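Read the structure below first, then the notes.
The values are calculated or read from the model by the stated rules, or taken from the named source; none is laboratory data. Not measured: the values here are computed from a predicted model. Cβ atoms come from the backbone with ideal geometry, glycine included; neighbour counts cover every protein chain shown.
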Amino acid sequence: MNRKVFKARNIQQAIADIKQELGPDAMILNTRKIPKKPLDPYAEEMFEVEAAVDLPQDKKPVPDHLIKSIKEDIVDIKDMISIAGFGNGMQDMVCNHFESVGILASLLRAGVSEVLASAVIQKASLFMDENAEQGCKIKSLKNYVMRQCLSQVMVKDFFNRDNSSGVPHVAAFVGPTGVGKTTTIAKLAAVLSFQRKMKVGLISIDNYRVGAFEQLKAYASIMGLLCVPAFSSQDLSCALDRMKSMDMVLIDTAGHSHFDKPKIDEILQLIKADFRISAHLVLSVTSESIIMKDAASAFSVFNPDTVVFTKIDETKRCGKILDQINDLRLPVSLIANGQRVPEDLIIPDKRELVKIILGKG
Ligand SMILES: Nc1nc2c(ncn2[C@@H]2O[C@H](COP(=O)(O)OP(=O)(O)OP(=O)(O)O)[C@@H](O)[C@H]2O)c(=O)[nH]1
Ligand SMILES: [Mg+2]
């Protein structure tokens, strides 16, 4: 501790001097009035103030475990505040399983909706309680939530198909504007032809956007793949005929607003002209959940086989994928996580998908 005695004409001055020299943390230890010297005609009354300040080395470091525990408490409090407005069901569950507070908050942070997050945790805790009643070995609630998420997602490696039938599998990618249909097709074409050694052909039926065919053609040229435009059902059947020796034919379609029903119907007429064509719905996770939901509903006329989620690299809230899967009841075939062709494409298994959804991917 650094102690010092300050002298000044008044207390205010002494305190100002102390602050300046010892800093704002200084403590006053003693004050004393020094009487005038009776024999000195010029003498003034003075004040003596003793002050002290802790030297830096006197400060004891707060132990790490204490800081950790304070941080954990703060997280718990924040989590409790974030779910304070939830209904009675959730409050009851929190009383039974305090762990659920943190789990719920982390699902919400990941972007899962309140309704779905609570439902998942409630189901998980139900299983946990049942297991306990049956005398089974109990795991943590987190573990049951993970299992619940795994049981809610579906995946399908749709493009890992052998061509024993002798006819190509034909897959069209449909969805709103700019979600990444063309880019995803280019990535997938590369994976199928170079990694899976499949014969891949590309068709563009996007006659709407200027340069749409050229965009796909540019990728096809780099990969040395056949790529043709088809703007009518005759064109399309000719193109498919040219590609009958392929293993997989990928069709790029024009993106349209989900409100533009006539344009969506135009694509539908073309695609449904050939019963072999499967549809795959492409949605970007950068869209708001409600917009994804509306888009999925508008494009449901295609009766898609799978759903593709793109641009997961642009958000920290991939939890909305769980809500979409829950509504759509469709398996996920692909996840796009960036602009690089072909690197940024994931063909997920269930665990991988759940990790992405929970923000741990
Ligand atoms: N960050 C990011 N960008 C992506 C991803 N996929 C595509 N993009 C970008 O999104 C933009 C639009 O991609 P396109 O493939 O042209 O989208 P589209 O759905 O074919 O667009 P339209 O044909 O006009 O409907 C481009 O700049 C792509 O590079 C992704 O996974 N992450
Ligand atoms: Mg496109």
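Residues checked against (1) among the β-branched types (Val, Ile, Thr); (2) away from ligand 2 (no atom under 16 Å from the Cβ):
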| residue | (1), (2) |
| --- | --- |
| Asp265 | no, yes |
| Leu270 | no, no |
| Asp274 | no, yes |
| Val301 | yes, yes |
| Thr306 | yes, yes |
| Gln324 | no, yes |
| Val332 | yes, yes |
| Ala336 | no, no |
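Listed conditions (1) closer than 23 Å to Ala189 by Cα; (2) surrounded by fewer than 20 Cβ atoms within 10 Å (Cβ to Cβ); (3) among the polar types (S, T, N, Q) are all met by Ser284, apart from (2).
Where residues in the stretch 208-226 are among the charged types (D, E, K, R) and touching a residue at least 12 places away in the same chain (Cβ under 8 Å), which of them is farthest from ligand 2 (Cβ to nearest atom)?
As a first pass, look at the stretch 208-226 and keep what is among the charged types (D, E, K, R): 209, 214, 217.
Next, only the ones that are touching a residue at least 12 places away in the same chain (Cβ under 8 Å) stay: 209, 217.
Values: Arg209: 7, Lys217: 12 Å.
The extreme case among them is Lys217.
Candidates in the stretch 197-219 are the residues that are more than 12 Å from ligand 1 (Cβ to nearest atom) and more than 18 Å from Ile271 (Cα to Cα); of these, the one that is surrounded by the fewest Cβ atoms within 10 Å (Cβ to Cβ) is Lys197.
The condition (being at pLDDT 95 or above and in contact with a Leu (Cβ under 9 Å, 6 or more places away or on another chain)) is satisfied by just one residue among Leu358, Leu328, Leu334: Leu334. When the test is whether a residue is more than 16 Å from ligand 1 (Cβ to nearest atom), of a type in the set (A, V, I, L, M, F, W, C), assigned to a helix (DSSP H, G or I) and in contact (Cβ under 8 Å) with a residue 60 or more places away in the chain, Leu330 does not pass it.
Residues of the stretch 132-179 that are of a type in the set (D, E, K, R) and more than 27 Å from Phe299 (Cβ to Cβ): Glu133, Lys137, Lys139, Lys142, Arg147, Asp162. Within the stretch 15-35, can you find the residues that are surrounded by fewer than 14 Cβ atoms within 10 Å (Cβ to Cβ) and either in contact (Cβ under 8 Å) with a residue 60 or more places away in the chain or of a type outside the set (S, T, N, Q) (or both)? Answer for the stretch 15-35, where residues must be surrounded by fewer than 14 Cβ atoms within 10 Å (Cβ to Cβ) and either in contact (Cβ under 8 Å) with a residue 60 or more places away in the chain or of a type outside the set (S, T, N, Q) (or both): Ala16, Lys19, Glu21, Gly23, Pro24, Asp25, Met27, Leu29, Arg32, Lys33, Ile34, Pro35.
Filtering the stretch 235-263 to residues that are more than 18 Å from Asn160 (Cα to Cα), within 15 Å of ligand 2 (Cβ to nearest atom) and of a type in the set (A, V, I, L, M, F, W, C) leaves only Ala254.
Taken over the stretch 36-56, the residue count meeting the criterion of being loosely packed, with under 12 Cβ neighbours inside 10 Å, among the hydrophobic types (A, V, I, L, M, F, W, C) and closer than 19 Å to Met1 by Cβ is 1. Every condition in (1) farther than 20 Å from Ser113 by Cβ; (2) within 12 Å of ligand 1 (Cβ to nearest atom) holds for Leu281 except the one numbered (1). Among the residues of the stretch 340-361, those that are farther than 20 Å from Asp157 by Cα and under 17 Å from the mean Cα position of the chain (by Cα) comprise Leu358, Gly359, Lys360. Per the listing Gly201, Gly224, the residue uniquely out of contact with any Asp or Glu (no Cβ under 7 Å at 6 or more places or on another chain) and either among the hydroxyl-bearing types (Ser, Thr, Tyr) or more than 23 Å from Thr310 (Cβ to Cβ) (or both) is Gly224.
Every listed requirement among (1) at pLDDT below 95; (2) surrounded by 14 or more Cβ atoms within 10 Å (Cβ to Cβ); (3) within 30 Å of Ser113 (Cα to Cα); (4) not acidic (Asp, Glu) is met by Ala254 save one, (3). It is to be established whether one or more residues within the stretch 245-255 are more than 37 Å from the chain's Cα centre (by Cα) and more than 25 Å from Val301 (Cβ to Cβ). Yes - at least one qualifying residue is present in the stretch 245-255.
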